[in-house]
1. Please state, to two decimals, what the Cα-based radius of gyration of the stretch 158-203 comes to when divided by 2.2 N^0.38 Å (N = residues).
2. Tell me, what % of the accessible area of the chain is carbon and sulfur with a 1.4 angstrom probe?
3. Accessible area per residue, 1.4 Å probe, Å², for the chain: what's the number?
4. Let's see if you can work this out: charge +1 on each Lys and Arg Cβ, -1 on each Asp and Glu Cβ, no other charges. What is the dipole magnitude of the chain about its Cα centre, in debye to the nearest 20?
5. How far apart, in nanometres, would the label points at ASP19 and ASN172 be if each is projected 7 angstrom from Cα along the Cα-to-Cβ direction?
6. Report the residue, chosen from LEU105, LEU89, LEU126, that carries the largest GNM mean-square fluctuation when the chain is represented by alpha-carbon nodes joined by springs under 10 Å.
7. In debye to the nearest 20, how big a dipole does the stretch 63-169 give about its Cα centre with +1 on each Lys and Arg Cβ and -1 on each Asp and Glu Cβ?
8. What does the convex hull of the Cα atoms come to per residue for the chain, in Å³?
Amino acid sequence: PTPGELHRRRLREVQECDDIDAILETASDHLSLGRNELAMASYRRAMKVSFADVISVKRRLVEAKRRSAAAAGGGEADLTRRQERAFELSLLQVASRVADVHNNLGVLHELNGEYGRARASYADALEVYHNTCKRYEEAGDPDVDRTKANVERMENACASAGERRELHDRANRLAGDVARERSSGARRELLLRQREALRDALELE
């Protein structure tokens, strides 16, 4: 098969898969091989499946309450503590998976240099941790602490994006000056200034 046919086949395999673990493993494989587009498609599929799992848990909870109410003769639903805890744990599990997928999307956006989108994905993960999972930073939870740090790091990256572009543009202009310069002494000076501009840009990244 041609590269295009292989790409379409891999994309179809991702879109047809409902096994969240298999999808995430496939996404990781694509990412490690530099297939960022397929990795993105895999993570988006994982998000869709994760949301479907959340909805499924909530529907099962509603149905359990309905049956409990019917068994009580139409009165108020009275689930046992064990039943409530089982649903609570199921919801926490699938919600944590949603947060993990948001984090993975953030990593991929960051690798693509899309710092605004990366920040949004990390922030979405943090919101799920806080609002659904009741997991918070500075409470011994490394996933939450790392996500919070990623949000702040991307905020800084977005704030310095303009300055980085200016430094890269300056380095490119200096590279052109170096190519045109005939004097070896002047070239050395231009190269030094170019390296300084690139170093400053790297320090901001």
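The values are calculated or read from the model by the stated rules, or taken from the named source; none is laboratory data. Treat the numbers as computed from the prediction; the structure is a model and nothing was measured. Please note: Cβ atoms are built from the backbone with ideal geometry, for glycine as well, and neighbour counts cover all protein chains shown. Accessible surface areas use protein heavy atoms only, side chains included; no ligands, DNA or RNA. Shrake-Rupley method; radii C 1.70, N 1.55, O 1.52, S 1.80 Å.
1. 1.23
2. Numbers: 6250 of 12980 Å².
Ligands and nucleic acids excluded, carbon and sulfur give 48 percent.
3. Per residue, the chain has an accessible area of 63 Å².
4. Roughly 440 debye, rounded to the nearest 20.
5. The answer from the label model is 4.6 nm.
6. Top of the fluctuation ranking is LEU89.
7. On the way: 16 positive and 20 negative charges, 118 e Å.
Roughly 560 debye, rounded to the nearest 20.
8. Given the Cα convex hull of the chain, per-residue volume reads 164 Å³.
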